[in-house]
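Shown next, in structure tokens, is the structure this report addresses.
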């Protein structure tokens, strides 16, 4: 009796174990588990580019300054300091040429035989920016540049990257100032110099610094038309001198040229000569960050001398 009971208990245990194994074992036709998605590398795992000033570069377009204009250098952090521009990576490190989204090339620094230009072929995504802030009469027409550049950086309002100089006014202590930097006759400034000589016969003219002389419509793209006097508004130098002398006696008429201050605010500007190119370089940096589309090269001379 006891042996029969033991046999029954043993059979019950074996049957129970078989039921448990069958119930909990995975079916043979169950699909394989999905593979784990590939993990993206974190920014810390990237091989960072380095810049002579900034160190590690974030995911920003790179603007390579090929040559320092007039060898006037500044700290690239000045773009953030003066203009709150920090959306591109400025560098003068030529070893980053292959990675640079754009290369800024100063026209006056280009050699006549083009040997100091960046190497070719350039990376297919890279844009070259023609950087020039002189008037056409003061521009050397170096052969071979016609269709090399994708973008233009100039004081002209129709440039791809227009840049303008900001000006603050002070208390009036002079009536007429002539702001000019170039008097070399071979550059074609004879008309301007002739006008100055004629104007100075009728009124005292004080000469200063650096500036450019585009037409009235160019200025009106940046400031109100009644905020300045343009030489082209008068038939000759004598008429302009007479108007200025009369304006000097009419305080109410003079003050009307500053009505713009009621609704416009002048921003501080950089006045040292070595700071002359900070604004255009920072403006180019901001442009390539905001406008990343590629633009075909075009004939800069056909545009600039038209």
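Need pairs with beta-carbon distance below 7 Å; first residue in the same structural domain as residue 140 (by TED's automatic domain parsing) and surrounded by 11 or more Cβ atoms within 10 Å (Cβ to Cβ) and within segment 184-201, second at pLDDT 65 or above and not in a helix (DSSP H, G or I); sequence gap 6+ or separate chains. So the pair list comes out empty.
Tallying residues that are without any contact (Cβ under 8 Å) to a residue 12 or more places away in the chain and over 23 Å from residue 117 (Cβ atoms) within segment 69-97 yields 4.
Applying the criterion of being within 14 Å of residue 146 (Cα to Cα) and part of a loop (DSSP other than H, G, I, E, B) to the residues of segment 287-306, the residue that is modelled with the lowest pLDDT is 297. Just one of the listed residues (105, 110, 62) is free of Cβ contacts under 8 Å to residues at least 40 places away in the same chain, surrounded by 15 or more Cβ atoms within 10 Å (Cβ to Cβ) and within 23 Å of residue 152 (Cβ to Cβ), namely 110. Among the residues of segment 210-228, is there at least one that is over 30 Å from residue 283 (Cα atoms) and modelled with pLDDT of 70 or more? No, segment 210-228 contains no residue that is over 30 Å from residue 283 (Cα atoms) and modelled with pLDDT of 70 or more.
The values are calculated or read from the model by the stated rules, or taken from the named source; none is laboratory data. Remember, predicted model here, so these are calculated numbers, not experimental data. Note that we place each Cβ from the backbone using ideal geometry, even for glycine, and neighbour counts take in every protein chain shown.
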